1. Can you spot a residue in the range 111-131 that is farther than 30 Å from A209 by Cα, among the polar types (S, T, N, Q) and at pLDDT below 95?
2. Does at least one position in the range 492-509 carry a residue that is within 19 Å of L399 (Cα to Cα) and either part of a helix (DSSP H, G or I) or within 17 Å of the chain's Cα centre (by Cα) (or both)?
3. Can we say S224 is crowded, with 20+ Cβ neighbours inside 10 Å and farther than 27 Å from E169 by Cβ?
4. In the range 131-177, how many residues are over 18 Å from I19 (Cβ atoms) and among the charged types (D, E, K, R)?
5. Give the residues of the range 15-58 that are over 25 Å from V156 (Cα atoms) and of a type in the set (G, A, S), sorted by residue number.
6. I want to confirm something. Restricting to the range 378-387 and keeping residues that are in contact with a helix residue (DSSP H, G or I) (Cβ under 6 Å, 6 or more places away or on another chain) and crowded, with 16+ Cβ neighbours inside 10 Å, which single residue is farthest from Q433 (Cα to Cα)?
7. Among the residues of the range 412-461, what is the count of those that are farther than 25 Å from P387 by Cα and either small (G, A, S) or part of a helix (DSSP H, G or I) (or both)?
Amino acid sequence: MPNNFIGTIQSFPRRNLVIICLAVWQYISIIGMVIFNWPSELVWFNTILLASFIVFSPIYESLLLLVISIPFFVVIPNSFVDTLSMWRPLIFLLFVVWIKSSWQIPNFGFRPMAWDKYLGYFFFWGLAVTFVFGQFKIPGLKLAVFWLNIYMLYIVIAATIKTKQQLTEIVRYVLWSLAIIIALGFTQLFGTFVSSLDTFWVYWAENVARLYYGNSFAQVSLYSNSWFSYTGGRELRMFSIMPDSQSFAYMCLFGVCLGTALTKSVFIHVRKWLWSGIRFAGLGLMLSGTRAVWVSMIFPLGVTIIAFFLGFHKKVAKKFLWPFAIICILFAISPLVNKGLSYARLGSQFRENFFDRAKSIVSTSEISNQGRILIWKSSTVYALSHPLGVGFGNFISSLTEGKKGSYDELSKTINERYNLPQKYISAHNLYLQILVETGIIGLGLFCAFLFYIFKTLGLFLKRYHTSDGFLIYFVAQTVLSLVWICGAAFFDVTLLNDKVLMIFFINLALSGFIVRHYEEMEKNG
């Protein structure tokens with residue numbers, strides 16, 4: 001490649017327009033593949049296009065592109081790995097480019113936080129358990145590489161962000177990604193207004209789910225998924241481009257928290273649009289039908305109320321009380337929402353009662369709760385008999401104990417109780433899942449990882465208890481979203497979804513940067 005061409009590319013003062021154009025093109029190409037039957041090989045073209053940008057652009061610009069592209073990361077068509085998403089080679093490439101450009105800097109400019117140490121302990125302990133006790137070592141190693149792949153994004157962000165302006169811009173791009181996912185959720189909901197639920201179900205599974213998550217997931221989605229709820233009749237939840245309604249609810253959760261924080265750093269006219277987006281995120285959260293996220297909202301709400309009445313960052317707490325109030329109001333007017341959806345939808349009466357569904361989480365007679373309680377009991381018993389764990393990706397061992405066969409054979413076996421292949425069944429509790437796979441030591445290390453996040457960010461907020469700028473609001477939203485997630489983790493393992501985990505680590509990387517450089521950034525304006 002001629003040096004003058006590369007120099008021309010890198011001489012652009014800012015490539016926001018180029019980044020936006022690439023994002024728009026990805027959106028158009030996905031629409032083309034989903035609706036107009038454009039060839040799936042177009043994904044290869046998009047991957048190469050984004051990879052070229054990463055190779056010839058500054059690291060920071062590449063980060064912006066990857067962040068805005070989160071809603072467009074689909075599976076690369078190939079005959080070897082059915083679930084190879086675009087983000088995996090792209091993040092790895094970004095990591096390699098970052099290493100190449102930073103090798104002369106001590107520690108490559110990356111300084112681990114206290115929580116990184118315990119996350120590392122957890123990771124290497126899990127690997128050791130996988131190789132020593134794991135029945136299926138290759139799937140465990142693949143899962144470890146999957147997590148490490150996402151963690152590379154965290155490392156690059158933590159090492160690249162240098163200024164408050166860059167941090168704020170990254171936050172805006174993250175919020176745009178969340179807004180796209182939430183907006184696509186409403187598009188998905190609109191699709192059910194103009195077709196029967198069964199027609200929509202089949203179309204979405206064969207076209208959208210296949211594009212985003214591969215053939216295997218698409219086939220399973222045709223007969224079993226979490227897209228429907230059954231309180232008061234079969235009704236389709238909102239789930240957008242996510243594999244299930246639970247992970248979509250987490251996207252809404254992040255949107256509510258991040259959007260509220262960003263209202264502190266924008267002009268009044270932009271702030272009004274942000275609050276409108278927060279309302280739609282709250283509505284999407286409600287329409288996702290995800291009881292775990294609904295009920296666990298009591299934890300961040302409780303923390304916010306306590307902080308407000310104790311006078312701890314009272315202005316910050318007051319700001320975050322508003323989105324929680326909006327969500328509660330949406331639940332209060334849910335009968336009107338039901339009537340509106342029923343009127344708009346063709347061929348179906350929308351009968352779901354959101355209050356009844358929320359209350360059903362504590363009902364032992366509810367079918368899904370019975371299944372959840374059963375898997376909790378069996379997972380606990382299995383963990384007690386395997387106190388050191390069975391290894392990453394080997395939760396299936398607790399479901400197939402005593403059965404012989406290869407991983408492919410056992411993982412594809414349909415579990416009759418859940419009507420799902422064994423590989424798609426989890427403990428429905430993140431902590432139990434970790435306990436089964438990594439034992440009591442692994443669970444302890446994971447809890448230490450969470451503890452040091454709360455400790456570090458909590459001490460930061462305590463130290464600057466008289467400040468209330470955007471950086472304080474951002475750290476506060478990280479704490480509240482993590483409290484929310486930790487509560488919901490008692491009922492699902494959705495934190496381990498790739499897109500959810502990306503947003504989680506982006507939040508964590510930016511919060512760590514704020515903790516380390518807060519005074520410097522405030523001093524420099």
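The values are calculated or read from the model by the stated rules, or taken from the named source; none is laboratory data. Please read all numbers here as calculations on a predicted model, not as lab measurements. Because the Cβ atoms are built from the backbone with ideal geometry, glycine has one as well, and the counts that use them run over all protein chains shown.
1. Within the range 111-131, none of the residues are farther than 30 Å from A209 by Cα, among the polar types (S, T, N, Q) and at pLDDT below 95.
2. Yes: one or more hits.
3. No, not satisfied.
4. 4
5. Once the filter is applied, which keeps residues that are over 25 Å from V156 (Cα atoms) and of a type in the set (G, A, S), the range 15-58 yields S29, G32, S40.
6. Y382
7. Residues flagged as farther than 25 Å from P387 by Cα and either small (G, A, S) or part of a helix (DSSP H, G or I) (or both) within the range 412-461 amount to 10.
So that you can scan it fast, the table gives a plain yes or no per residue for (1) on the phi < 0 side of the Ramachandran plot; (2) in contact with a Ser or Thr (Cβ under 7 Å, 6 or more places away or on another chain); (3) without any contact (Cβ under 8 Å) to a residue 12 or more places away in the chain:
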position: N46; (1), (2), (3): yes, yes, no
position: L49; (1), (2), (3): yes, no, no
position: V55; (1), (2), (3): yes, no, no
position: I59; (1), (2), (3): yes, yes, no
position: L65; (1), (2), (3): yes, no, no
position: I68; (1), (2), (3): yes, yes, no
position: F73; (1), (2), (3): yes, yes, no
position: V81; (1), (2), (3): yes, no, yes
position: L93; (1), (2), (3): yes, no, no
